[in-house]
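Since every read-out is calculated from the coordinates, none of them should be taken as a lab result. Just so we're clear, the structure is a prediction, and the values are computed from it rather than from any experiment. Neighbour counts run over all protein chains shown; Cβ positions are idealised from the backbone, glycine included.
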Amino acid sequence: MDAKEIKEALYDVYAICDQVEERTELCEKMDLDEGALKNVLKMNVIKFLAYLAASDGVLSWKESRFIGELMDIHMTPSILNDLIKEQNIYSVEFEEDTPLILQIFVSFDNALYESGVDLNIEMGEALFGLYKVLSKGIVEANGRTTETMDSNEKVDVQTYLGMMRNYVDDNTQRHQCDLIVNFKKDKNTNQRDDLGGVKAPAKNKGKSTSVKAPSKKK
């Protein structure tokens, strides 16, 4: 998956934000200022990518560049490490907390559905699709694929996307049953006791090209 494809997926969701903001009565109802949706989206996406960057235990320059170039911000492994610690991003609490942008999108979906207006797209579904693309993109930025990704990465991708999938399914009024995909893991793979302190394999010994990621907080 190339950078252009990932950016196009992001810009498609930006366009949805623009469509929503054109309906000023809904924005006023939810007390959203102009441009607020994009800002919330950017903030939530950066945190999601930081969460996955920490999954293998190392915050690499490749991951930092991927996040920085995609979101048009200055990013280094050290900055990423500080962000994860300050915002408590690599934690069970974070992965169980529905991102604000998804809550807003689903609320707009329902408001439009109730008013009989159709944007010809489910906003919650569109956001879920973007997060799937982003998860694949940051894994590939490290030279891996969804088949060869680190075991912690696989668990974390499934956990976070599963949380989002369930929220969309449970809260979108017009959601179609045949779109439901079950990402829930069984009880054994859902246990977190053996994941919090896993250390990453040694990388780039003798070079300051990466930063050890914080262990997941329980």
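Values for this structure:
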item	result
Extension gain from Asp82 to Asn171, taking 0.36 nm per residue of separation minus the Cα-Cα distance	28.7 nm
Subset of Lys62/Lys132; Lys7/Lys218; Lys4/Lys216; Lys7/Lys217 violating a 29 Å alpha-carbon distance limit	Lys7/Lys218; Lys4/Lys216; Lys7/Lys217
In nm, spacing of pseudo-spin labels at Thr98 and Asp72 (7 Å Cα→C-beta vector)	3.0
Net charge contributed by nearby residues that have their C-beta within less than 13 Å of Asp72 (K/R +1, D/E -1)	+3
Net charge contributed by nearby residues that have their C-beta within less than 10 Å of Glu153 (K/R +1, D/E -1)	-1
Charge tally in the Cβ shell below 14 Å around Val106, where Lys, Arg are +1 and Asp, Glu are -1, Val106 excluded	-4
